[in-house]
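Trainee: One structure, pasted below without further comment.
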Amino acid sequence: MSQNREVPMIVLTEFRKAGERILAQRGVYGGARHAALVWLLTFAQENPTEYSTGEGANRWEELKRFAFDAGLGPDEPPISNQISVRWPGDKRARFGEEPPLSTPAEAVHSPFYPGMQRELAKFQMELRDYLERYVKSGGVSINGLTLDLHVTNSTEGVLVSSWLHPCFFYQAFHLLGELGPRIRKCEGCARLFLAGRSDKKWCSGLCQAKTYKRMNPAKQHEASPTNKKGGGMVNIKRRAYGKKTRT
């Protein structure tokens with residue numbers, strides 16, 4: 001699919017919905033690019049075997065949309081002003097250029113199926129590895145991506161054309177280059193998250209509270225003296241204070 005050619009209405013509908021899901025938290029994180037990176041972090045740390053059929057189909061559409069424009073849409077400055085993503089089965093594909101999906105299916109829009117789950121798992125494992133290395137060492141490299149570049153004297157910018165996998169990581173690495181320094185690993189649950197402040201150490205208040213409780217175990221409360229009738233120390237003092245004395 002290319003940003004500059006007509007596509008079937010069902011594809012446009014699914015891409016629009018996928019983009020809305022990717023940017024669902026833009027109001028929370030202060031912008032579309034931030035929301036796209038949050039989606040990327042979430043996607044990398046999910047377990048595809050736990051997806052329902054609907055969730056798996058949604059993630060597949062979101063993955064394709066992210067490869068296309070990171071879900072940013074026409075109102076946001078694009079990462080690449082033009083991009084063309086080739087799917088398995090595309091007539092423009094050359095034999096042997098990239099392995100097909102594990103299970104044959106209509107790649108542009110199809111229901112969720114077991115082979116698709118395996119493909120999602122491959123993307124997630126590779127992405128998670130890059131993110132973990134980026135956070136741990138402060139940088140990461142990706143090698144072997146095949147991207148076709150095309151320019152014309154009638155259109156401004158560069159057309160980037162490739163398969164789903166290279167286009168997905170092309171978008172992901174550009175987002176890392178822009179907002180990556182804000183990614184942190186939570187000291188409570190070890191999940192990667194997008195921090196609002198540079199000194200933030202936890203992904204949520206709950207994780208912060210659990211960490212504090214683990215590092216500062218509560219002391220055992222010492223038993224206070226009580227009378228046998230059930231009156232606590234306060235009651236004993238109250239009765240003693242109000243007792244009349246002989247003169």
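Trainee: Can you give me the long-range amide H partners of GLN82? Hydrogens built in the peptide plane at 1.01 Å from N, cutoff under 5 Å, separation of 5 or more residues or another chain.
Mentor: Amide H neighbours of GLN82, under 5 Å, 5+ apart: VAL158, VAL160.
Trainee: OK, next. Convert each backbone phi in the range 171-177 into a coupling constant with the Karplus relation 6.51 cos²θ - 1.76 cosθ + 1.60 (shift: θ = phi - 60°), then list the ³J(HN,Hα) values in order as whole Hz, x for Gly and Pro.
Mentor: With coefficients 6.51, -1.76 and 1.60, one gets 5, 4, 6, 5, 5, 4, x Hz.
Trainee: What list of ³J(HN,Hα) couplings, whole Hz, do you get for the range 57-69 from phi and the Karplus terms 6.51, -1.76, 1.60, once you set θ to phi - 60° and write x for glycine and proline?
Mentor: 5, 5, 5, 5, 5, 5, 4, 5, 5, 4, 5, 6, 8
Trainee: Ok, one more. Can you flag which of LYS17/LYS201; LYS136/LYS213; LYS122/LYS213; LYS17/LYS213; LYS136/LYS210 are past 31 Å Cα-Cα?
Mentor: Values: LYS17/LYS201 33 Å; LYS136/LYS213 26 Å; LYS122/LYS213 37 Å; LYS17/LYS213 41 Å; LYS136/LYS210 23 Å.
Flagged as over cut-off: LYS17/LYS201; LYS122/LYS213; LYS17/LYS213.
Trainee: If I stretch the segment between GLU55 and ARG182 completely, what's the gain in nm (0.36 nm per residue apart, minus their alpha carbon distance), one decimal?
Mentor: 42.9 nm
Trainee: On to the next question. Fewest Cβ neighbours within 10 Å first, please rank ASP69, ASP129, ASP75 accordingly.
Mentor: So the ranking, lowest neighbour count to highest, is ASP75, ASP129, ASP69.
Trainee: Calculate the length of the line joining the C-alpha centroid of the range 30-79 to that of the range 125-170, in whole Å.
Mentor: 16 Å
Trainee: Counting other C-beta atoms within 10 Å, and keeping those with at most 16, which DSSP coil GluC sites (Glu not before Pro) do you find in the range 131-183? Working shown, then result.
Mentor: Numbers: sites: GLU132, GLU156, GLU178; in loops: GLU156.
When the GluC sites (Glu not before Pro) of the range 131-183 are filtered for loop state and at most 16 Cβ neighbours within 10 Å, GLU156 remain.
Trainee: Residue by residue, what Karplus-based ³J(HN,Hα) values in Hz, rounded to whole numbers, does the range 159-169 have, using 6.51, -1.76 and 1.60 with θ = phi - 60° and x for Gly and Pro?
Mentor: Taking θ as phi minus 60°, the curve returns 8, 9, 10, 5, 7, 4, 4, x, 5, 4, 6 Hz for the range 159-169.
No value in this document is a laboratory result; all are computed from the given coordinates. Quick caveat, the model's predicted, so the values are computed rather than measured. Neighbour counts are summed over all protein chains in view; Cβ atoms, including those assigned to glycine, are modelled from backbone coordinates with ideal geometry.
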